[in-house]
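Report on one structure; see the data block that follows.
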Amino acid sequence: MKRDDRHSQLLVSPGGKLLGSTTIPGDKSLSHRAAMLGAIAAGSSHIRNWLAAGDTEATLGAMRDLGAKIERHDAHTLTIHGGELREADQPLDLKNAGTGIRLLAGIMAGQPFPSVLDGSEQLRRRPMKRITRPLQALGAEIESTDGCCPLRIQRSNLQGATYEMPVASAQVKSAVLLAALFADGPTTVIQPGPTRDHTERMLRSMGVRIDFDEENPDKMTLHPPEKLEPLDLTIPGDFSSAAFLLVAGLLTPDSDLTVTGVNLNPTRTGLLDVLEAMDADIRTTYRSIQAGEAIGDIQVRTSRLKGVEIGGETVVRMIDEFPILMVAALRAEGETIVRDARELRVKETDRIAVMAGELRKMGAEIEEREDGFRILGVQQLSGADVDGHDDHRIAMSMTIAGTVASGETLVTDAACVADSFPGFAKTLIDCGAHIEPA
Ligand code: S3P
């Protein structure tokens, strides 16, 4: 997907109430995993509602470069003919996709040929030692460039190992589990607390044995399989994309909005618990199980929110939702305090500093803390020219801030919304928001 195909600016005006019912694109975390695991499965995987977005297309392109045959029935429906991968002719380009590069590094560490994994300037600033260290513990020959990408991986023979993760990161856990598929014995991973468990669920659905410790559910042992059964799955909607619509519906006067077909995996829905604690009028209806994940609808109605304190395990369960939570906190009565969220500083951008900086342009007062922030609401935002910083979640959060500000807001560098939520502006416009793509 070329950047020029996408709107690089969004002009936002307040006043559009959000009504009705809408869907959101497929889950990004699941789409990355389906592309990678489909490519190494023994047979043809059928994947529906795949997320055709900047980050996931980068992963799919890398799998193609590694020899996977991918039939595209339409943008969201794929058949991946899996099997042995082959050496790529050029460095694999994961663009802005942190999940793409970190998970793929795990798979590449187990291949009998060398590879180079690289990405955009933005990706080149993100920490990679968190995955090179555990992969080296399994015997991988992997080198970073001053702790970042490009990553150079040599042919290696992996041994099963035990790895205790210092940070609660699903990407690190997944890199180790994916490398462990190719090891000569079982590998045990111990995470410091629960992180999203899509990799475990998908691998188990493909016939891989993963045992969870009876006393410690955060300790799991993967037994390398003979082969991976192919996938046949419909990817549910991405909760992290729904989050923008939910907060917009709660903050915009006279709104009543339902987002349908959302992945309600509890390792992802920390924001629901937090919004409930903020007195949000929010209703969740569980509908079905797809690909081992709970799916349902979420209805929100305009609410007077109150401040909340967030820390500990909840932070990991909503790690991608803090930029939009900042907007909700500004419109909530009283004090919101976020702790234990240091990881926000190493996402696509430093999401604490960047969100605080952009919201200040709209008149917000935010106290930045090393591991979070403090906001005292209710604060009235004023329309301003703000920047998306090539970070999809920043650009979308600033757009929602614009819908509840007084006056017009121009969000520049907004093409990045298509890294995870193509059609973001159109979805909001269809629900009633006043947004003009420029
Ligand atoms: C992801 C894990 C999280 C999250 C990212 C997607 C995944 O990153 O922020 O957007 O799909 O595993 P960390 O593992 O760094 O917390």
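If you check G383 against the conditions, is it within 16 Å of the ligand (Cβ to nearest atom) and surrounded by 20 or more Cβ atoms within 10 Å (Cβ to Cβ)?
Values: within 16 Å of the ligand (Cβ to nearest atom): no; surrounded by 20 or more Cβ atoms within 10 Å (Cβ to Cβ): yes.
No; evaluated as a whole, the condition is false for this residue.
Against the numbered list (1) within 21 Å of the chain's Cα centre (by Cα); (2) surrounded by fewer than 22 Cβ atoms within 10 Å (Cβ to Cβ), Q191 comes up short only at (2).
A quick yes/no check of all residues on (1) open to solvent by less than 30 Å² (accessible area, probe 1.4 Å); (2) in contact (Cβ under 8 Å) with a residue 60 or more places away in the chain:
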position: E321; (1), (2): yes, yes
position: I324; (1), (2): yes, yes
position: G334; (1), (2): yes, no
position: D350; (1), (2): no, no
position: K361; (1), (2): no, no
position: E365; (1), (2): no, no
position: E370; (1), (2): no, no
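Residues checked against (1) out of contact with any Asp or Glu (no Cβ under 7 Å at 6 or more places or on another chain); (2) under 28 Å from A58 (Cα atoms); (3) modelled with pLDDT of 95 or more:
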site	(1), (2), (3)
S382	yes, no, yes
D391	no, yes, yes
M396	yes, yes, yes
I400	yes, yes, yes
T403	yes, no, yes
S406	yes, no, yes
A418	yes, yes, yes
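The criterion of being under 20 Å from the mean Cα position of the chain (by Cα) and either surrounded by fewer than 24 Cβ atoms within 10 Å (Cβ to Cβ) or more than 16 Å from the ligand (Cβ to nearest atom) (or both) does not hold for G307. If only residues of region 45-61 that are assigned to a helix (DSSP H, G or I) and touching a helix residue (DSSP H, G or I) at 6+ places or on another chain (Cβ under 8 Å) are counted, the one that is nearest to the ligand (Cβ to nearest atom) is D55. Tallying residues that are in contact (Cβ under 8 Å) with a residue 12 or more places away in the chain and either closer than 16 Å to G20 by Cβ or of a type in the set (D, E) (or both) within region 255-284 yields 12. Against the conditions (1) open to solvent by less than 70 Å² (accessible area, probe 1.4 Å); (2) without any contact (Cβ under 8 Å) to a residue 24 or more places away in the chain; (3) within 16 Å of the ligand (Cβ to nearest atom), T145 satisfies every one except (3).
Given the criterion modelled with pLDDT of 95 or more, out of contact with any Ser or Thr (no Cβ under 8 Å at 6 or more places or on another chain) and under 25 Å from P224 (Cα atoms), identify the matching residue among G67, G61, G26.
Details: G61 fails: under 25 Å from P224 (Cα atoms); G26 fails: under 25 Å from P224 (Cα atoms).
G67 is the lone residue from the list that is modelled with pLDDT of 95 or more, out of contact with any Ser or Thr (no Cβ under 8 Å at 6 or more places or on another chain) and under 25 Å from P224 (Cα atoms).
In this structure, A41 does not satisfy being surrounded by 16 or more Cβ atoms within 10 Å (Cβ to Cβ) and in contact with a strand residue (DSSP E or B) (Cβ under 7 Å, 6 or more places away or on another chain).
Which of the residues belonging to region 63-104 are part of a loop (DSSP other than H, G, I, E, B) and within 20 Å of the chain's Cα centre (by Cα)? Break it down stepwise before answering.
Here is the first cut: in region 63-104, the residues part of a loop (DSSP other than H, G, I, E, B) are 66-68, 75-76, 82-91, 94-97.
Matches in region 63-104: A75, H76, L94, K95, N96, A97.
The number of residues in region 21-44 being within 16 Å of the ligand (Cβ to nearest atom) and either among the aromatic types (F, W, Y) or part of a loop (DSSP other than H, G, I, E, B) (or both) comes to 3. Checking each residue in region 169-184 for being under 14 Å from M220 (Cβ atoms), open to solvent by 10 Å² or more (accessible area, probe 1.4 Å) and within 16 Å of the ligand (Cβ to nearest atom) picks out only A170. Could you tell me whether any residue of region 185-198 is in contact with an Asp or Glu (Cβ under 7 Å, 6 or more places away or on another chain) and away from the ligand (no atom under 13 Å from the Cβ)? Yes, region 185-198 contains at least one residue that is in contact with an Asp or Glu (Cβ under 7 Å, 6 or more places away or on another chain) and away from the ligand (no atom under 13 Å from the Cβ).
Could you check, for region 10-18, whether at least one of its residues is open to solvent by less than 30 Å² (accessible area, probe 1.4 Å) and at pLDDT below 95? It would help to see each step written out before you state the result.
Pass one, region 10-18, residues open to solvent by less than 30 Å² (accessible area, probe 1.4 Å): 10, 12, 16, 18.
Narrowing the set further to residues that are at pLDDT below 95 leaves 16.
Yes, that holds for at least one residue.
Residue pairs whose Cβ atoms lie under 8 Å apart, separated by 6 or more positions or on different chains, with the first residue in region 111-140 and farther than 21 Å from D55 by Cα and touching a residue at least 12 places away in the same chain (Cβ under 8 Å) and the second assigned to a loop (DSSP other than H, G, I, E, B) and of a type in the set (S, T, Y), are G139/S156; A140/S156. Counting only residues that are within 16 Å of the ligand (Cβ to nearest atom) and open to solvent by 10 Å² or more (accessible area, probe 1.4 Å), region 205-231 holds 1 of them.
Taken together, T269, T252 contain a single residue that is within 16 Å of the ligand (Cβ to nearest atom) and modelled with pLDDT of 95 or more, which is T269. Candidates in region 91-141 are the residues that are open to solvent by 10 Å² or more (accessible area, probe 1.4 Å) and β-branched (V, I, T); of these, the one that is farthest from the ligand (Cβ to nearest atom) is V116.
The values are calculated or read from the model by the stated rules, or taken from the named source; none is laboratory data. Values in this document were obtained by computation on a predicted structure and should not be read as measured data. FYI the Cβ positions are ideal-geometry reconstructions off the backbone, even for glycines, and counts take in every protein chain you see. We work out accessible area using only protein heavy atoms, side chains counted, and drop any ligands, DNA or RNA first. Shrake-Rupley method; radii C 1.70, N 1.55, O 1.52, S 1.80 Å.
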